[in-house]
Amino acid sequence: MTRDLELINLTKKYGSIIAVDNINLYIKPGEFFSLLGPSGCGKSTTLRLVCGFEEPTKGLIKIGGNIVNDIPPYKRNVGMVFQSLALFPHLTVGENVAFGLKLKKLPKDIIQEKVIRMLELVELHGFENRKINELSGGQKQRVALARALVTEPSILCLDEPLGALDLKLRLQMQTEIKRIHDKTKNTFIYVTHDQGEAMAMSDRIAVMNKGHIEQVGTPREVYEHPQTKFVAQFVGESNLLMGKCLDGNKIIVNGFELKGLYPKDFFNREVYISIKPEKILVTKHHYVRKFDNSIEGKIEEYIYRGDDTIYKISIGGHFEILARAQTIGGQFNKGENVFVNWNIEDAIILPKED
Ligand SMILES: Nc1ncnc2c1ncn2[C@@H]1O[C@H](COP(=O)(O)OP(=O)(O)O)[C@@H](O)[C@H]1O
Ligand SMILES: [Mg+2]
């Protein structure tokens, strides 16, 4: 049965290192939830605490409403898939999948039946007697998933399970894992440092930084409405300008005046302005009637990437803007004078915390 997970003031210290710093999180039953953040931010430690491989320094872990702090890993009913997969190379596919069930001392025919059903779910029927080292990377991945799912955990933790795969296989396995999630309706907690992966797969994402959670939200919320400078920079590329809020929705950036919508209490304060490169239109001509900001600049350099082009544009030496342009509509050249255009609702204004 699928269950929810609640972390309350969860903290894990290793000596003076605070790996997990007072996390509060509620994950719904059946949710596909991702922990996203750079290496070392505490993602794996959080999963190990949930599974019971580590003891918290402080705080509570609740599964299905019950505190599990003192319950050993094998009784928590939480499955784990590691990046290294940790399959038994000398055992067959079937024996690997059956492993957890044998520990539970289930009858042989029931084990057999469950293993067959699980191999069908991950589309490996007929592979039962293969050795692990006779499988491709993607197939091994699916065996690891089957082995974790066969014990019917109420929560499945996946720690960067696709980290070792090449891009094409990774995209394929993302779809595969989503399909399995949809079929099992299990609670999945997925750890990744890849924002594209988290966006593509998750119902909700917690963005982590230095042991704490910066923001929790749907992929669209964290992408379009970052609440902190860290989230703005980590989730997708962003232009980040430093400015000061003046009267009449004006923000001054290095002596240059922009229009921007900011909350009243930001008046006279220092802020960051975060704008995604794809929200900026580069034009040959002034476009002031359609855009709130239409300002002149010069193309400093560009990177042609086939499906789009990234332009770096200098705004009269005041600041630089990155803009992403679809390849339709022609190409601008280095040194060309252009206008960069964006609307105030596409610029996120964040307080500059000192
Ligand atoms: N067993 C451990 N002993 C000491 N420090 C650890 C241990 N495990 C993790 N850490 C430290 O805790 C922090 C978080 O690590 P981790 O949870 O593995 O991050 P992530 O999975 O996000 O890369 C890091 O600074 C790491 O070095
Ligand atoms: Mg990790």
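Observations on the structure shown:
- Positive-end residue of Ser154, Val68, Gly100, charge dipole of the chain with Cβ unit charges: Gly100
- Build a GNM of the chain with springs between Cα atoms under 10 Å apart, and of Gly15, Gly64, Gly255 the one that fluctuates most is Gly15.
- Cβ-defined net charge surrounding Gln227, 12 Å radius [Lys, Arg +1; Asp, Glu -1]: -3
- Of Lys259/Lys279; Lys58/Lys178; Lys210/Lys352; Lys62/Lys140, those spanning more than 25 Å from alpha-carbon to alpha-carbon: Lys58/Lys178; Lys62/Lys140
- Value at 222 nm in deg cm²/dmol, rounded to 500, when DSSP H runs of n ≥ 4 in the chain each add -39,500 (n - 2.57): -7000 deg cm²/dmol
- In degrees, nearest ten, helix 137-149 long axis to first principal axis of the chain (Cα): 60 degrees
- Sequence of Met1, Met118 when ordered by accessible area, the most exposed leading, probe 1.4 angstrom: Met1, Met118
- Computed from Cα atoms, the angle from the helix 167-184 axis to the main principal axis of the chain rounds to 60 degrees.
- As a rough guide to protection, the peptides 28-40, 129-141 ranked by mean Cβ packing within 10 Å, highest first, stand as 28-40, 129-141.
- Helix 93-103 and the long axis of the chain differ in direction by around 70°, with both axes built from C-alpha atoms.
- Relative contact order of the range 194-352: 22 percent, from C-alpha pairs under 8 Å at least 6 residues apart in sequence.
- Based on Cα contacts under 8 Å between residues 6+ apart, the chain shows a relative contact order of 16 percent.
- For Lys259, the solvent-accessible surface computed with a 1.4 Å probe is close to 110 Å², ligands and nucleic acids excluded.
- Measuring between their Cα centroids, the range 260-287 and the range 60-104 lie 48 Å from each other.
- A simple count of charges around Lys58, restricted to other residues whose Cβ falls under 12 Å of its Cβ and scoring Lys, Arg +1 and Asp, Glu -1, yields 0.
- Using the average count of surrounding beta-carbon atoms within 10 Å as a protection proxy, the listed peptides 191-204, 263-276, 146-159 rank, highest first, as 146-159, 191-204, 263-276.
The values are calculated or read from the model by the stated rules, or taken from the named source; none is laboratory data. Predicted, not measured: the structure shown is a model, and the values here were computed from it. Backbone-built Cβ (ideal geometry, glycine too); neighbour counts: all protein chains shown. These area figures cover heavy atoms from the full protein model, side chains too; ligands, DNA and RNA do not enter into them. Shrake-Rupley method; radii C 1.70, N 1.55, O 1.52, S 1.80 Å.
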